[in-house]
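Just below is one structure, and these are the notes that go with it.
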Amino acid sequence: MTKFKTILLCLVVGIAIQVSSQSKKPVYTDNSQPIEKRVEDALSRMTLEEKVKLCTAQSKFSTHGVPRLGIPELWMSDGPHGVRMEILWDSWDHANWTNDSCTAFPALTCLAATWDPAMSHLYGNAVGEEARYRRKDVLLGPGVNIYRSPLNGRNFEYLGEDPYLAGRMVIPYIQGVQENGVSACVKHFALNNQERWRDRIDVQISDRALYEIYLPAFKAAVTEAKVWSIMGSYNKIRGQYACENELTLNKILKGEWKFDGCVITDWGGAHNTKEAALNGLDIEMGTWTNGFTFSKSNAYESYFLANPYLKMLKSGEIPVSNVDEKAARILRLIFRTAMNVNKPYGSLASEEHHMVGRTVAEQGIVLLKNTANLLPIDASKYKTIAVIGENANRRLTEGGGSSELKPKREVSALQALTEKFGDNKIKYAMGYGSGAVSYDMVNKSPYDEAALRKEAVELASKSDIVIFVGGLNKNTQQDSEGDDRRSYGLPFGQNELIAELQKANKNIVLVMLSGNGYEMPWLKQATTLVQGWYGGSEAGHAIANVIAGEVNPSGKLPFTFAAKLNDYGAHSFGAIAFPGDSIKEEYKEDILVGYRWFDTKKIKPLFPFGFGLSYTTFEYGKIAADKKQYAAGETIKLSFTLKNTGKVDGAEAVQVYASQPKSSMVRPAKELKAFKKVFLKAGETQTVELEVKANDLAFYNDKNHSWSLEPGEFILRNASSSADVKSSVSIQVK
Ligand code: GLC
């Protein structure tokens, strides 16, 4: 046979082998195939038992795969602020691995306070890389529950009181996480706005409040960020558990929003096989079992979507199509994550990630008061700088519930201020003290409060300037999961301490670390106040850089700081409105949440939503619209000049609020509809351009269950905060 023919023969044989091996390679394992074809192929190969197995946990944080077909398990991990330390197979205890220390990123209230979606993407991508490196397929975050009451233990994990701000800020975070082949899991869907009785409180709410306030951030996560999983909350909504809810899961999430991902319970959020099966639950986690020894009746095969579900499928009580739909969603999640061969490899606790954390913390810090120009501190002017307060030196990434972290490092304010100003100038006194972090009880402070206070006041009286670092912490009934604060005041005698310090020294910089608002009885005497949030691994450096003026603060409040608790809408209608009667709760303030309440009821807050100062000043030009009249579906183009009229470069989160003077239904005095963070050099002027979709001016009409954009006049305002409107323009919507 000629050489040519031999080569040709080998070629043909080679292709034949190749084709046959291709045909032997199952479609579901072939990454070049479209995901829906892979889902179909995998389903066709699975038994009924294997499909049912996909729907439940096999351990505290993992689900069953299909070992026979080489379809891997899904591994999940908390949380929104970083990848939690490894947890044991069947208990909440830490596994005490030595290779799972992470970067602790700032709490999400701090991210919201940056008012900068670019920060969200940086953050999401970094935390996604850490989850990927730790081989997690689902990161259990971000949380976007609306800040309705300042007592809610988990507000620090969320993005504030306004649905538009929360929606715009959550999208890039989710995209950043999922670029790593890790699923974000937006939570807790829905109406988990408190921790007290969270496992059963039945929220009664109008359609308007549901659609206009509590759903938009979740809708943005699903329809714009294309989140791959969502976590049902523990509470009930109009009588049905959120993890088995016909209205929120079937009708809204999977119906109206066409969600193609997985609904995962909060841990222990499933309660009934048939309701879970028929009302949209896909994966059941955490139904209180230790899987092996604790009562057999609690073992994983006893989960609601395990054997009881299999029995109902076999008897025909539930059609097999029901489990096919769930299994298809779970397979889609597996192909997007665990079986996604194109995903990067991630990285853990790198300096780059720590710099992301520090930048977000620096951009989120809010300067609330600076009337004596104590800030930025020029250390050369002072011999002794007193740092006072437990929060200057307390680990604040520990505790708080499932968002707890084991950071590679956590730089405290005391450490960073000492590094910056020198330990010959910095003197520390604790001033007040709280008990150790615990999850199941309110620890009494083990300290002698009077002695701590005396020591701190003495130090203050002998120092040139005082930096007080206080606020809340991650103890139970503080900023922590599982329960709520019982009062709006600062704990551990801080108010009395601050009052004493103010008598001892007039140069005091107050720095508060918290995820919630609080009373400020000492505010009149205070000249300098900074809201520092929980800044994570690099918190101290961020605080010190702002205090020293290396960073010009540009954060703005993502929620209202009221003067007193009963000024909040949720606290204006008695206990049934908050925290409820332990069975039921009625959201009586309805759509008037946050600044919507304070504006409409003309109640002056201590510090309004969207407020934040800078070391420089800004001048706003008059807002203009590109047209006089708009049709539904059109985009309103707005512009105005912004000038940095001070001596230092800075950034300003400009805001646009809309109102409809005449409408057939009650509407808030104004609502946030656009914002942008503008960076300006000293003396620089920019023309800021913003867009508002005319359709976003609609309200939810609960008479005909649809959004209504009523024709007529709308007022659009540019503002530096919800209480500081600079100018307005009137437009007509046809
Ligand atoms: C907790 C939290 C949820 C967390 C989950 C797993 O109960 O509510 O946010 O992701 O259980 O720890």
_Alpha-carbon spread of the chain, three principal axes, descending order, Å_ = 96, 71, 63
_Counting other C-beta atoms within 10 Å, and keeping those with at most 10, which DSSP coil trypsin sites (Lys or Arg not before Pro) do you find in region 478-552?_
Lys524
*With an 8 Å cut-off on Cα pairs and a minimum separation of 6 or more residues, tell me the relative contact order of region 351-559 in percent.*
35
*Any idea of Tyr428's accessible area? Nearest 10 Å², probe 1.4 Å.*
70
_Can you show me the helix-derived [θ] at 222 nm for the chain, built from DSSP H runs with n ≥ 4 at -39,500 (n - 2.57) apiece and divided by the number of residues, rounded to the nearest 500._
-7500 deg cm²/dmol
*Using 1/(1 + (r/R0)^6) with R0 = 22 angstrom and r between the beta carbons of Asp448 and Lys503, what's the FRET efficiency to the nearest 0.05?*
0.60
*Quick one: helix 449-461 against the long Cα principal axis of the chain, what's the angle to the nearest 10°, folded into 0 to 90?*
60
*Compute the signed sum of charges (Lys and Arg +1, Asp and Glu -1) over the other residues within less than 14 Å, Cβ to Cβ, of Ile174.*
+3
_Could you check the spin-label model distance between Glu246 and Ser315? Points 7 Å from the Cα along Cα→Cβ, value in nm._
2.1
*Enter the per residue convex hull volume of region 143-302, computed from alpha-carbon coordinates, in Å³ rounded to the nearest integer.*
122
*Which whole-Hz ³J(HN,Hα) couplings does region 703-709 yield from phi under the Karplus relation 6.51 cos²θ - 1.76 cosθ + 1.60, θ = phi - 60°, glycine and proline marked x?*
7, 10, 6, 8, 6, 10, 10
*Please list, or write none, the lysines whose alpha carbon is within less than 17 Å of the alpha carbon of Lys584, excluding same-chain residues fewer than 8 places away.*
Lys236
_Rounded if a/c under 1.5, otherwise prolate or oblate - region 29-101, Cα gyration tensor axes_ = prolate
*asked:* Let me spell out the model: positive unit charges on the Cβ of Lys and Arg, negative unit charges on the Cβ of Asp and Glu, origin at the Cα centre of region 351-559. What dipole size does that give, in debye rounded to 20?
replied: 600
_Length-normalised contact order for the chain - Cα pairs under 8 Å, 6+ apart - percent_ = 14
*Loop-located GluC sites (Glu not before Pro) in region 353-443, at most 16 other Cβ atoms within 10 Å (DSSP)*: Glu398
*asked:* Using each residue's phi in region 326-343, evaluate 6.51 cos²θ - 1.76 cosθ + 1.60 at θ = phi - 60° and report the 3J(HN,Hα) Karplus result to the nearest Hz, with x for Gly and Pro.
replied: 5, 4, 5, 5, 5, 4, 4, 5, 5, 5, 6, 10, 4, 9, 8, 7, 8, 7
*Say R0 is 22 Å: what FRET efficiency, to the nearest 0.05, do Asn31 and Lys258 get from their beta-carbon distance?*
0.35
*Would you mind checking the tilt of helix 3-24 against the longest principal axis of the Cα atoms of the chain, expressed as 0 to 90 degrees and rounded to 10?*
70
*Amide H to amide H, which residues 5 or more places from Val688 or on other chains are under 5 Å from it, using H placed in the peptide plane?*
Phe640, Thr641, Leu642
*Only residues of region 537-560 count here: report those whose backbone N is under 19 Å from the spot 7 Å along Cα→Cβ of Asn99, or say none.*
none
_Over 10 Å intervals from 0, what percent of Cα-Cα pairs in region 618-733 sits in each interval?_
13, 43, 28, 12, 3, 0
*Classify region 233-386 as rounded, prolate or oblate, taking a ≥ b ≥ c as the square roots of the eigenvalues of its Cα gyration tensor: rounded when a/c is under 1.5, otherwise prolate if a/b is larger than b/c and oblate if not.*
prolate
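The values are calculated or read from the model by the stated rules, or taken from the named source; none is laboratory data. This structure is a prediction, so every number in the text was calculated from the model and none was measured. Cβ atoms come from the backbone with ideal geometry, glycine included; neighbour counts cover every protein chain shown. The protein model used for the area step is the full one, side chains on, heavy atoms only, and it has no ligands, DNA or RNA in it. Shrake-Rupley method; radii C 1.70, N 1.55, O 1.52, S 1.80 Å.
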